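Heads up, the thing below is written out as structure tokens.
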Amino acid sequence: MKKLIKFILAGLVSCSLTACSTPSQNTPSTSAPSTTATSTETDYDVIVIGAGGAGLTAAISAKEAGANVIVLEKMGVIGGNTAISGGEMAAPNNWLQQEQGIEDSVEQFKEDIMVGGDNEANEALVSVLAENALDGAMWLKDEINVPFEDYMLFFGGHSVMRSLVPENASGSTITSSLKTKADELGIQVLTQTEATQLLMEDGKVNGVVANTKDGEITYHANKAVIIATGGFGSNVEMRKQYNPDMDEKILSTCTVGSTGDGITMAQAIGADVTDMEYIQTYPTCDIDSGLLLYVGDVRLAGRAILVNKEGKRFVEELERRDVISLAVTEQTDQVSYLFFDENGLAAADIMDAHGHEYDKLIEEGKLVKADTIEEAAEHFEIDAAALKETVETFNQYAKDGNDLDFNLRGTLTPFADEGPYYIMVSKPAVHHTMGGLVINTDAQVIDTAGNVIPGLYAAGEVTGDIHGTNRLGSDAIADIIVFGRIAGQNAAK
């Protein structure tokens, strides 16, 4: 299976992806204000490095467990990759599943994660994730006051629809709610404060050195340090170090802050890493910037098909991200075209949640709206006759309730007999790094000899061995909330 993944990654080299994202393209934003002044106090019980979803979750959990907490964030804003994500969270047996009569279970979720990552993940960690995902979602809803939409999305690789969607289908809804809670608890969050070194005394991590606008400051941790700095999707050199195929030709959906700092800091004191070669691409991204295109959520709502220049489907639309990405690279021009109708646009709530992106894509000619299939196809020089036949065939499959070509999971919905119709062009870009620090089920960081590093915890994309070779969509939010809470609670003890 590792050879298969190597082949998938190698296939992406053929993409005509040309550059990394610029800071203006992939810098997160949040409606919640951040603290920019440097703290005069330097002694804390728990220090959290990183103010994304995992870091804020860990900080809140540690504070509620009685610890004096501070969060250090190198960027000028909070949120990390969580803020620029769709914020969807997989949770088995959630309230919407119960309302809709969708049968699910912790065991089924666990199996989906394991199979989705080619059984390369640590089963004990996956069990913790699966068993605590619903509780984490309820915590967000009831304790952090994150508002959720009244619909779910069906991400590729999941066996049932189980992914909750935050208001406006935006991860910033989650991070701003977390920041509000942190403010209520009196947790100080310092932005433009870049952690550069972990300190140890008598074999225990007891502090962090950070660069601030006022110079270098040492922050002391009486109990523990939690690393929640995210992955390394925007660090091209680090990507190439562990997987030479993931070079500068491939764009990234990640924020510019995703540079692997927490991994290298922990390695410097002996921490072990795993799965670093497994770097995931998202299949429907902007062909110029690499930004993940949320108009593409029409696909996740089960209301779109992917076609090639020849007007034909070439993959199941709800397959795993790595499988779809590889399939895209084998098509003409290494791009795909997402076809959908007005009903699909409305079902996925695109105009309310992502209207700005929609307008920009229309303006740039990367998304076309047309009265007929032929007119839409002409915009991208797609074989119109073939596309029309593909749509007619899919409509018949939908009416029969069985996709004979690719066995598309979920409810099949036929396209409207009349326009308007839409087509969006996209291609794969680096989205998630599955590898990272080795942790145990208590979120403690493990060294290269297999021993716990006292006083050091980690949560979120900075860790490895939770998703195996490939992460299923919406599992990342479950990951950061579940292990963020565990890290915070244990660090405070």
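A count restricted to the stretch 443-464 and to residues that are surrounded by fewer than 16 Cβ atoms within 10 Å (Cβ to Cβ) and in a loop (DSSP other than H, G, I, E, B) stands at 4. Within the stretch 146-181, the residues that satisfy the criterion of being over 18 Å from GLY80 (Cβ atoms), of a type in the set (Gly, Ala, Ser) and assigned to a loop (DSSP other than H, G, I, E, B) are GLY156, GLY157, SER159.
Every residue in the stretch 105-142 that is among the acidic types (Asp, Glu) and closer than 25 Å to SER177 by Cβ, please. Matches in the stretch 105-142: GLU131, ASP135, ASP142. Suppose we keep only residues that are crowded, with 18+ Cβ neighbours inside 10 Å and of a type outside the set (S, T, N, Q) within the stretch 229-244. Which one would you say is farthest from ASP288 (Cα to Cα)? So, considering only residues that are crowded, with 18+ Cβ neighbours inside 10 Å and of a type outside the set (S, T, N, Q), the one farthest from ASP288 (Cα to Cα) is GLY230. In the set (1) within 21 Å of GLY419 (Cβ to Cβ); (2) surrounded by 24 or more Cβ atoms within 10 Å (Cβ to Cβ), LEU293 fails one condition alone, (1). The one condition from (1) modelled with pLDDT under 95; (2) surrounded by 24 or more Cβ atoms within 10 Å (Cβ to Cβ) that ILE477 does not meet is (1).
If you check GLN188, GLN197, GLN192 for being in the same structural domain as ASP45 (by TED's automatic domain parsing), surrounded by fewer than 17 Cβ atoms within 10 Å (Cβ to Cβ) and under 27 Å from the mean Cα position of the chain (by Cα), only one passes: GLN197.
Within the stretch 412-433, identify whether any single residue is closer than 30 Å to ASN222 by Cα and buried (at least 19 other Cβ atoms within 10 Å of the Cβ), and answer yes or no. No, every residue in the stretch 412-433 fails to be closer than 30 Å to ASN222 by Cα and buried (at least 19 other Cβ atoms within 10 Å of the Cβ). Condition check: surrounded by fewer than 24 Cβ atoms within 10 Å (Cβ to Cβ) and in contact (Cβ under 8 Å) with a residue 40 or more places away in the chain. Does THR264 satisfy that? It is false that THR264 is surrounded by fewer than 24 Cβ atoms within 10 Å (Cβ to Cβ) and in contact (Cβ under 8 Å) with a residue 40 or more places away in the chain. Take LEU404 and tell me if it is free of Cβ contacts under 8 Å to residues at least 40 places away in the same chain, assigned to a loop (DSSP other than H, G, I, E, B) and not polar (S, T, N, Q). In short, yes. Considering only residues of the stretch 212-242 that are within 30 Å of THR253 (Cβ to Cβ) and of a type in the set (Ser, Thr, Tyr), which is farthest from the chain's Cα centre (by Cα)? Looking at the filtered set, the residue picked out is THR212.
Go through the stretch 107-120 and give me each residue that's surrounded by fewer than 17 Cβ atoms within 10 Å (Cβ to Cβ) and free of Cβ contacts under 8 Å to residues at least 40 places away in the same chain. Of everything in the stretch 107-120, just one residue is surrounded by fewer than 17 Cβ atoms within 10 Å (Cβ to Cβ) and free of Cβ contacts under 8 Å to residues at least 40 places away in the same chain, namely GLU107. Taking the condition assigned by TED's automatic domain parsing to the domain that holds ASN81, buried (at least 21 other Cβ atoms within 10 Å of the Cβ) and modelled with pLDDT under 95, does ALA169 pass? Judged against the criteria, ALA169 is a match.
Scanning the stretch 123-151 for residues being crowded, with 20+ Cβ neighbours inside 10 Å, of a type outside the set (Val, Ile, Thr) and either closer than 20 Å to ASN440 by Cα or modelled with pLDDT under 95 (or both) gives a total of 5.
Is there a residue in the stretch 346-361 that is of a type in the set (A, V, I, L, M), more than 29 Å from ARG471 (Cβ to Cβ) and crowded, with 21+ Cβ neighbours inside 10 Å? Looking for residues that are of a type in the set (A, V, I, L, M), more than 29 Å from ARG471 (Cβ to Cβ) and crowded, with 21+ Cβ neighbours inside 10 Å, one finds none in the stretch 346-361, hence no.
Looking across the stretch 271-310, the residues that are charged (D, E, K, R) and over 27 Å from ASP261 (Cβ atoms) come down to ASP288, ASP297, ARG299, ARG303, LYS309, GLU310. Counting only helices (runs of 4 or more DSSP H) wholly contained in the stretch 71-144, the ones carrying 2 or more residues that are within 27 Å of GLY435 (Cβ to Cβ) occupy 80-84, 106-116, 123-142.
The values are calculated or read from the model by the stated rules, or taken from the named source; none is laboratory data. A quick note: this is a predicted structure, and the numbers were derived from the prediction, not measured. So basically every Cβ, Gly included, is an ideal-geometry build from the backbone, and we count neighbours across all protein chains shown.
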